[in-house]
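As structure tokens, the structure follows; a few thoughts come after it.
The values are calculated or read from the model by the stated rules, or taken from the named source; none is laboratory data. Because the structure is predicted, anything quoted here is derived from the model rather than measured. Here the Cβ positions follow ideal geometry from the backbone for every residue, glycine too, while neighbour counts run over all protein chains shown. To get the accessible areas, we keep the full protein, side chains included, count just its heavy atoms, and leave off ligands, DNA and RNA. Shrake-Rupley method; radii C 1.70, N 1.55, O 1.52, S 1.80 Å.
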Amino acid sequence: MPAPSGPRTSSGTGSPTEFEYTLEGPVNGRPQPLDMDFVRGRFPSLTGPFVYFDNGGGSQILQPVLDRLNHHLVRHNVQLGATYPASVAASEALDRAQQGVATLLNAVDPDEIVMGPSTTALLRMISGSVGRVLEPGDEIVVTTGDHEANIGPWLELERRGARIRWWHASPDSGELERSGLEPLLGPATRLVAMTHTSNILGSINPVAEIAELVHGVGGLLCVDGVGYAPHRAVDVQALGADLYVFSFYKTFGPHHAVLWGRRDVLGELPGHGFESISEDDVPYKFQPGNVNYELSVSVLGILDYLGELESQGGTGPAGSEVPRSIVESSYERIAAHEEDLARPLLEMLQDREGVRIVGHTSADRDQRVSIVSFVSSRRSSRDIVTAVDAHGIGIRYGHFYSARLLDELGICTEDGVVRTSMVHYNTRAEVDRLIAALDPLI
Ligand SMILES: Cc1ncc(COP(=O)(O)O)c(C=O)c1O
């Protein structure tokens, strides 16, 4: 990244010293700190004192996403594929969106990008395709560590003759351990469905390692990346899975989602299109009717922003022109910032008698993202969260549709865990406010 000449400092929105840095390059081998004034300025809702710590439920939206949404609806709100100028422009905008999302995921081919309304809907759609090519005796592995969105659609395949095998999360840590999967795999394994990052634990699962195991027996790996994508650069080539899905509304965009599939896998799976659509027509055969044009185009605003982070608000590549290297370097800075947010909260929780951190106790960004969950023996999760509400801090309690994981861990699913899900636009000062609010409660 180009280093501007001369030192520049920023105090961000944190306490005066916490965010001080120079722009002369990485400090102590760490990525360049984020300019928090710039970051927060790009999210138009982040103007007041309210602390958004329920980002695992949904993140705030980026101004460049809103700009692209608005532009598309005002200028290009026409049907694609015609010869008049607005239709040509709209078609080109969609093509650029496919390309931009391919860069965001490091996909080889923009045709591997299938867009849809939500992760739940996309997983249901693709499980329907897998169901149509099942053979007697085929086995599907699902986990007890996943959100229901990546379990329910696969369980339905039992009705089509699939045998369901359960990969149980560890009852001590909640983690999906390789040793729990190995005995389940064999020649009958058709597909394994797992999460990249649990929406409760925040831990990062070794997807590449699991992909190798699953491919070793000839199966496919379908990964739910919803808990991972807001925090780290998704790299579908490095992960080696076959299907990968996440939602943009938790990744600073609108209520829209993407399913990536390896080109050969998507080519072979039956589509849900009309009879006139050929089975080679990927991704269209998985987007029956029309994909939502304006939302698809708007997600290019996420790329704009990752480019802006690199240029610190100066001019640089935008949208589909943002190179993959910038996606990666921006996410490295995001990851380092998130680690600094998670650390003090985890340290405070670790010091408390009667508090059980549900997930890794370390803030290490190679192991976890900044989703921190806990239970307290002193107070119910519900009572803790409602008391924190009064401080203008939005956190949340419950099972977050990962009730099977809480069952494994022996945690009451009705009350569930207290979850604080932080993203990079949150500040150390906000974490300090949360710690002060939790202090008398736990
Ligand atoms: C880990 C995880 N997977 C899947 C989903 C479902 O996503 P969507 O709401 O886009 O269907 C969620 C939503 O909270 C989630 O947290």
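Restricting the range 257-350 to chymotrypsin sites (Phe, Trp or Tyr not before Pro) that sit in a DSSP loop and have at most 15 other Cβ atoms within 10 Å of their own Cβ leaves PHE274.
Taking label positions 7 Å along the Cα-Cβ direction at both ILE277 and GLU175, the computed distance is 4.1 nm, reported to one decimal. Applying 1/(1 + (r/R0)^6) with R0 = 45 Å to the Cβ-Cβ distance of ARG356 and GLN79 gives a FRET efficiency near 0.25. Take every DSSP beta bridge whose two residues both sit in the chain; close to 55 percent of them are antiparallel.
Roughly what % of Cα-Cα distances in the range 191-282 sit above 17 Å, to the whole percent?
Percentage above 17 Å: 53.
Max-minus-min Cα coordinates of the range 107-247 on each principal axis give 39, 39, 26 Å, with the largest extent listed first. Sites listed here are GluC sites (Glu not before Pro) in the range 227-290 whose DSSP assignment is loop and whose Cβ has at most 10 other Cβ atoms within 10 Å: GLU275.
Among 239-248, 408-417, 152-161, how do they line up from the highest to the lowest mean number of other beta-carbon atoms within 10 Å?
Highest to lowest by the protection proxy: 239-248, 408-417, 152-161.
Surface composition of the range 67-301: carbon plus sulfur atoms contribute 50% of the solvent-accessible area (1.4 Å probe, protein chains only, all chains present).
I'd like to check one number: the per residue accessible area of the range 67-301, probe 1.4 Å, reported in Å² as a whole number.
Computed with neighbouring chains in place, this is 38 Å² per residue.
For the range 350-442, carbon and sulfur atoms together expose 41% of the accessible surface, with a 1.4 angstrom probe and every protein chain in place. Where both bridge residues fall in the range 67-301, DSSP classifies roughly 40% of the beta bridges as antiparallel.
Averaging the Cα positions of each part gives two centres, and for the range 161-221 and the range 309-331 these lie 34 Å apart.
Rounded to the nearest 20 debye, the dipole size of the range 221-270 about its Cα centre is 200 debye, using +1 on the Cβ of Lys and Arg and -1 on the Cβ of Asp and Glu. Rg/Rh, computed from the Cα trace of the range 264-364 with Rh as the Kirkwood radius, has the value 1.20. Note on ARG263 and ARG160: the model spin-label points, each 7 Å out from Cα along the C-beta direction, lie 2.5 nm apart.
Kirkwood Rh over alpha-carbon pairs of the range 67-301, then Stokes-Einstein at 25 °C and 0.890 mPa s: what D in µm² s⁻¹, rounded to an integer? Walk me through the numbers before you get to the answer.
Working: Rh = 18.3 Å.
The calculation lands on 134 µm²/s.
Spatially, the range 59-98 and the range 392-424 are offset by 37 Å when compared through their Cα centroids.
The slack in the chain from PHE50 to ASP383, taken as 0.36 nm per residue of separation less the alpha-carbon distance, amounts to 117.9 nm. The orientation-averaged shadow of the Cα convex hull for the chain, equal to a quarter of the hull surface, comes to 21.9 nm².
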